[in-house]
Amino acid sequence: MAQNKGQNNDTDNSTAMNPENEFRDGLDDLATHYRHILTLLGEDAQREGLEKTPMRVAKAMQILTRGYTQDPHKVLTDALFKEDYNQMVIVKDIDVFSLCEHHLLPFYGKCHVAYIPNGYITGLSKVARVVDIFSHRLQVQERLTQQIKDCIQQTLKPQGVMVVIEAKHMCMQMRGVEKQNAITTTSDFSGVFNDLTTRQEFMSLLRGESKRI
Ligand SMILES: Nc1nc2c(ncn2[C@@H]2O[C@H](COP(=O)(O)OP(=O)(O)OP(=O)(O)O)[C@@H](O)[C@H]2O)c(=O)[nH]1
Ligand SMILES: [Zn+2]
């Protein structure tokens, strides 16, 4: 992949997909590079246990970065429903798995999204799909939070959106500072969530005991 895809890049790159299967062009090249990496790490890339590893890793990395070929705006616009509901909609505890762009190690946790509609609602699963698309790109948690918020605000045009992500970063757990319990919380909001009372309503609903459902 020649282009820099680290920043906002919501273009639908589906033409880059290999029509034969679910993987993108460049898979064989990726596997070749991983074979080289195994050798550089001091392994015998030819030994039986590692023989298929380069291709497995290449496929895994294409899956973990599949968000580059998906259009989150389209996901939302495909399921817009006219509805006269003007209260808060919250989708909370959405699982997030992403890769930090500094170390290519996972960060993982929960994403909570709230919005107040403005004539239209979207399918609940679509909110989780938007989270999924942006998290399947190389990220920093702050940008991930902001991109989810911006996408929902620009596409659904609600009265406001708020996104909170709580995550653990494996680059802080497995290496480096080696802190196992540090949790990073990021948030971003727009529109009516500029009002402190609205944010407080969201935060108090987040703390609600949905575990009983
Ligand atoms: N703000 C932010 N920082 C992140 C995120 N993921 C990883 N990092 C941090 O990115 C920083 C990169 O710092 P560098 O000093 O360039 O890299 P490093 O020498 O590997 O840093 P250490 O992790 O402290 O060993 C580290 O402090 C990571 O904890 C993220 O999502 N947001
Ligand atoms: Zn990292």
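The values are calculated or read from the model by the stated rules, or taken from the named source; none is laboratory data. A quick note: this is a predicted structure, and the numbers were derived from the prediction, not measured. Glycine gets a Cβ as well: all are built from the backbone with ideal geometry, and neighbour counts include every protein chain shown.
What pairs come up if the first residue lies in the range 110-127 and is farther than 10 Å from LEU80 by Cβ, the second is in a strand (DSSP E or B) and among the basic types (Lys, Arg), and their beta carbons are under 9 Å apart, counting only those six or more places apart or on different chains?
Note: pairs meeting the criteria are LYS110/LYS92; CYS111/LYS92; HIS112/LYS92; VAL113/LYS92; ALA114/LYS92.
I'd like the residue in the range 57-97 that is free of Cβ contacts under 8 Å to residues at least 60 places away in the same chain and within 16 Å of ligand 2 (Cβ to nearest atom) and, out of all such residues, is surrounded by the most Cβ atoms within 10 Å (Cβ to Cβ). Steps first, please.
Initially, the range 57-97 is screened for residues free of Cβ contacts under 8 Å to residues at least 60 places away in the same chain, giving 57-62, 69, 75, 78-79, 81-85, 87, 89, 91, 94-95, 97.
Among the residues that remain, those that are also within 16 Å of ligand 2 (Cβ to nearest atom) are: 61, 97.
On the way: MET61: 16, PHE97: 13.
Selected residue: MET61.
Restrict the check to the range 164-185 and report whether at least one residue is under 22 Å from THR77 (Cβ atoms) and within 16 Å of ligand 1 (Cβ to nearest atom). Explain how you work it out, then say what you get.
Taking the range 164-185 first, the residues under 22 Å from THR77 (Cβ atoms) are none.
No, the range 164-185 has no match at all.
Quick one: GLU20 ticks every box in (1) in the same structural domain as LYS168 (by TED's automatic domain parsing); (2) modelled with pLDDT under 95 except a single one, so which number is it?
Failed condition: (1).
Do we have any residue at all in the range 127-135 that's within 16 Å of ligand 1 (Cβ to nearest atom), closer than 23 Å to ARG207 by Cβ and of a type in the set (Ser, Thr, Tyr)?
Within the range 127-135 (the criterion being within 16 Å of ligand 1 (Cβ to nearest atom), closer than 23 Å to ARG207 by Cβ and of a type in the set (Ser, Thr, Tyr)), the answer is no, since none of the residues qualifies.
Which one of the conditions (1) within 16 Å of LYS168 (Cα to Cα); (2) within 16 Å of ligand 2 (Cβ to nearest atom) does ARG137 fail to meet, given that it meets all the rest?
All conditions are met except number (1).
Among (1) more than 16 Å from ligand 2 (Cβ to nearest atom); (2) assigned to a loop (DSSP other than H, G, I, E, B); (3) not polar (S, T, N, Q), which single condition is GLY176 missing?
Unmet condition: (1).
Out of the residues in the range 151-172 that are among the charged types (D, E, K, R) and under 24 Å from LEU104 (Cα atoms), state the one that is farthest from ligand 2 (Cβ to nearest atom). Let's see the steps before the verdict.
If we filter the range 151-172 for residues that are among the charged types (D, E, K, R), which is where we start, we get 157, 166, 168.
With under 24 Å from LEU104 (Cα atoms) added as a condition, the list becomes 166, 168.
Numbers: GLU166: 17, LYS168: 11 Å.
If we take residues in the range 151-172 being among the charged types (D, E, K, R) and under 24 Å from LEU104 (Cα atoms), then GLU166 is farthest from ligand 2 (Cβ to nearest atom).
Pairs please, first residue from the range 163-177 and in contact (Cβ under 8 Å) with a residue 40 or more places away in the chain, second anywhere and charged (D, E, K, R), Cβ atoms under 8 Å, 6+ apart in sequence or on different chains.
That search, which allows pairs on different chains as well, returns VAL163/LYS149; VAL163/ASP188; ILE165/LYS110; GLU166/LYS110; ALA167/LYS110.
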